[in-house]
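*Asks:* The structure under discussion is supplied below as structure tokens; questions concerning it will follow.
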Amino acid sequence: MLIFGHRFILRDSFYHVFDIDSITNTPPNSIVHIEFKEENLDIISHANLNQITISLYTKNIRDLVYASALNASFIIVKKSLATDAKNIANEYLFDAKILVLIEEENEIEELALLGVDGVIFSNAIIKVNS
């Protein structure tokens, strides 16, 4: 299980960008985090064209499927979507890892038992301005 943002485990942070210009303010080879919505398709396309690793936050199953088709390396979902997201990702052999956004350590065990790819604490997502 992947764990991002836990004090015991050093992993890369995710850099939440709001426009294409903000990508230039992220470290080289960083994971660029984007909220999936139609207005952000230009950022997603730019990242894909420039071979930038992306994480997409999705709020529903339809957007989860789009995120996979848009070459997200990580798809972040709320806990309420965890089981469905994991099942769909397994059924359709997504390349992306499904990460569940959590706030408490005690959520790790429950999500591990569900078989999700990983968890991410909100502190692992750093907001970047242009």
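Derivation of every value follows stated rules applied to the coordinates shown; laboratory data play no part. Everything numeric in this text was worked out from a predicted model, so none of it was measured. Virtual Cβ from ideal backbone geometry, glycine too; neighbours counted across all protein chains shown.
*Asks:* What is the local net charge at Tyr92, summed over the other residues whose Cβ is closer than 15 Å to its Cβ (Lys, Arg +1; Asp, Glu -1)?
*Replies:* Charge balance near Tyr92 sits at -2.
*Asks:* For the stretch 58-125, what is Rg from Cα atoms divided by 2.2 N^0.38 Å, rounded to two decimals?
*Replies:* On the way: Rg = 11.1 Å, N = 68, 2.2 N^0.38 = 10.9 Å.
Dividing the Cα Rg of the stretch 58-125 by 2.2 N^0.38 Å gives 1.02.
*Asks:* Ok, one more. Calculate, in nm to one decimal, what Asn60 and Asn87 gain on full extension: separation in residues at 0.36 nm each, minus their alpha carbon distance.
*Replies:* The span from Asn60 to Asn87 would gain 8.4 nm if fully extended.
*Asks:* Treat each spin label as a single point 7 Å out from the Cα along the C-beta direction, and report the Ser45 to Glu109 distance in nm.
*Replies:* Going by the 7 Å Cα→Cβ label model, 4.8 nm.
*Asks:* I'm checking a number: the convex hull volume of the Cα atoms of the stretch 2-127, normalised per residue, in Å³. What is it?
*Replies:* 97
*Asks:* Give me the distance between the Cα centres of the stretch 82-130 and the stretch 1-30, rounded to whole Å.
*Replies:* Result: 15 Å between the Cα centres.
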